[in-house]
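The values are calculated or read from the model by the stated rules, or taken from the named source; none is laboratory data. These numbers were taken from a predicted model, which means no experiment stands behind them. Glycine gets a Cβ as well: all are built from the backbone with ideal geometry, and neighbour counts include every protein chain shown.
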Amino acid sequence: MLLSLRLYNIALIDSLELSLKKGFSVFTGETGAGKSIFLSAIDSLLGRGFSSSSSRLIRVGAQEASIEGVFTLDSEVKNWLNENSFDFDDHDELVISREWKFKDDRLMSRIRFNGQIANRKQLLALRPLLVDLVEQGQSHHLYSSGHQLSLIDNFGTDEIDKLLTKVKQKWDKWYSSHIALQIAQKEFDNSEDEFIAIQSFLDDINSANLDDPQEDLILTKEQDRLVHGVRIYESLLSLFNRLKENSDNFPSALDHFYYCINELKIISKLDSSLTSHLDNLFELSNGLDQFLKTLESYQMVLESDPNKLDDVQNRLSLLNRLKKRYDLDLPGIINRRDSYLKELSSGNTLKCSLKDLEQQEIAFRLERDEINSSLTKLRMKCAKKLEDNLILYLQPLGLENIQFKVSFASSIPSSLGADSVEFLFSANEGQPLASLSDIASGGELSRFLLALTSVLAEVSGSKTLIFDEIDSGVSGRVSTAIAKALKNLSRYKQVFCITHQPLVAALADHHFSVSKTVENGMTNSKVLLLQGFQERKSEIAKLAGGDFEQASIFAASLLDNKAA
């Protein structure tokens, strides 16, 4: 049950807090006053309208907005929270909040359950356990065969849920065997072509003697070194001339070191504290000597094979051709080679014979069809119960000659069974049954939607039902019937209804009036809980319209007689 709703900077509302109670509540007011804000706020709070519509819901000029709803916790909601690792500290209330904030011209949103961060997927999963929102514009969903089938499944509750679990298990089992058979059949059909392709690939790779997955990178570095060999050789000579080779006028770096060592030897004899410096100088000299030997070794390799550049470039060209041919890098080519060798060594690419897989697929298909048949029978049983219950609900709503039937047809098997359904409808005597989408008027659809919601409410997990002008397009005794249906529904569900019908408003337990004012150049919507007979009479009189005195008398009679 929804206990309270708090809005901040939402549409035409700057700040509002509503305390809500069980029973039947209505929202009334002139067109454009903002009655639908209540519905839109609940819808957005519980996960719909996540992006562009959220920005339209935020009050003009506001940089942040929020909606907070407080719900009672029943066993189903507690179980869901536990299963999804949300802590509710043994409280009996669940606070769901949703905040929006503009940051760098982007709208950011945050969702919390009792202060704990949640995501939209979790919010949408929890939503059916809290609220069922019924809009007249929802009627198009009724035309979908998939949606109609889900309604029957919902009506079947636990019994169908348990069978659907088994159906999915049998489907998954069959589907896995079906895919395995298809793969094996394809491999069998293409085995000869695949063998030729694999052998051709292996011949290419084996002739190239590939072993090192980094060979192309190593060769590229070697190529760069060889291409610039002359420049490198000249630089090495210059280094040797300065560091090692001497001339009459220019002693080498080694000559300088030797001179410095001799001088330091002489003066260290005069001052023993210089001995450690002499050791350091020896280390530096040895380091330079080792450095020169390393360069000399590098120079010998550089000079040893002048034709190596051609060999490196030819090898690189071969590797690049292989990479381009097979659209793989070198590690990928080597991995594929190893995989093919392993596959060929197994002696058989099929894990089991086609005959075994065919027999397995047939056995699993029979199991799938058998459980699907059981599901169809149960769905037909639930559909018959839905038909009977709906007719009982629809007849008092001004549809005395109503006919309703669920037509079943076979469909391609899936994890949801093998059924396709269509709701057939006839509102008038002598009129044959036809698809609901083809013959139902707007008023008839509204009543059908109310009756359907009422029937499903008995098995629905949600404790709160919200109707948006479900009484639109009807009048007179039908309005009275709708009002009574909503009132009856509120005995075991919390019911909210946005209405323009005085007959519906008069029967409510709680009546909220929505009005619009302009303050300081800004339009604001106000929501007021009407207290007492006079306030409600005045509001219902406005709904009734016409001569004010007559409307007031009419409103008073409705309240006195509770729309009897």
What is the number of the single condition among (1) over 30 Å from ASP338 (Cα atoms); (2) in contact with a Leu (Cβ under 8 Å, 6 or more places away or on another chain) that ASP204 does not meet?
(1)
Selection within segment 374-397 - β-branched (Val, Ile, Thr) and either closer than 21 Å to LYS168 by Cβ or touching a Pro at 6+ places or on another chain (Cβ under 6 Å) (or both)
THR376
Does SER268 satisfy being surrounded by fewer than 13 Cβ atoms within 10 Å (Cβ to Cβ) and small (Gly, Ala, Ser)?
no
Could you list, in sequence order, the residues of segment 17-36 that are within 23 Å of SER490 (Cβ to Cβ) and not hydroxyl-bearing (Ser, Thr, Tyr)?
GLU17, LEU18, LEU20, LYS21, LYS22, GLY23, PHE24, VAL26, PHE27, GLY29, LYS35
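Is it true that LYS385 is assigned to a strand (DSSP E or B), of a type outside the set (Ser, Thr, Tyr) and in contact (Cβ under 8 Å) with a residue 24 or more places away in the chain? Give the steps one after another, and end with the answer.
Working: assigned to a strand (DSSP E or B): no; of a type outside the set (Ser, Thr, Tyr): yes; in contact (Cβ under 8 Å) with a residue 24 or more places away in the chain: yes.
So LYS385 does not fit the description; no.
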Between a first residue in segment 498-522 that is without any contact (Cβ under 8 Å) to a residue 24 or more places away in the chain and a second residue that is basic (Lys, Arg) and in a helix (DSSP H, G or I), which pairs have beta carbons less than 8 Å apart while being 6 or more apart in sequence or on different chains?
none
Unmet requirement for ILE439, which otherwise passes all of (1) out of contact with any Leu (no Cβ under 6 Å at 6 or more places or on another chain); (2) β-branched (Val, Ile, Thr); (3) modelled with pLDDT of 90 or more:
(3)
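Kindly provide the set of residues from segment 450-482 that are aliphatic (A, V, I, L, M) and more than 16 Å from GLN395 (Cβ to Cβ), ordered by number.
LEU456, ALA457, VAL459, LEU465, ILE466, ILE470
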Just to be sure I understand the filter: pairs with C-beta atoms under 9 Å, separated by 6 or more residues or on different chains, first member in segment 175-203 and farther than 11 Å from LEU354 by Cα and in a helix (DSSP H, G or I), second member of a type in the set (Ser, Thr, Tyr) and modelled with pLDDT of 80 or more. Which pairs pass?
TYR175/SER415; ILE198/TYR340; GLN199/TYR340; PHE201/TYR326; PHE201/TYR340; LEU202/TYR340
For ILE362, which of the numbered conditions (1) buried (at least 16 other Cβ atoms within 10 Å of the Cβ); (2) part of a helix (DSSP H, G or I); (3) aliphatic (A, V, I, L, M) fails to hold?
(1)
Every listed condition ((1) modelled with pLDDT under 90; (2) in contact with a Leu (Cβ under 8 Å, 6 or more places away or on another chain)) holds for LEU163 save (1)
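Which residues, counting only those in segment 511-539, are buried (at least 20 other Cβ atoms within 10 Å of the Cβ) and in contact with a strand residue (DSSP E or B) (Cβ under 8 Å, 6 or more places away or on another chain)? Before the answer, list the steps.
Filtering segment 511-539 down to residues buried (at least 20 other Cβ atoms within 10 Å of the Cβ) leaves 511-514, 525, 527, 530, 536-537, 539.
Of everything in segment 511-539, those that are buried (at least 20 other Cβ atoms within 10 Å of the Cβ) and in contact with a strand residue (DSSP E or B) (Cβ under 8 Å, 6 or more places away or on another chain) turn out to be HIS511, PHE512, SER513, VAL514, SER525, VAL527, LEU530, ARG536, GLU539.
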Just to verify a result, which residue in segment 60-80, among those that are modelled with pLDDT of 90 or more and aliphatic (A, V, I, L, M), is surrounded by the most Cβ atoms within 10 Å (Cβ to Cβ)?
ALA65
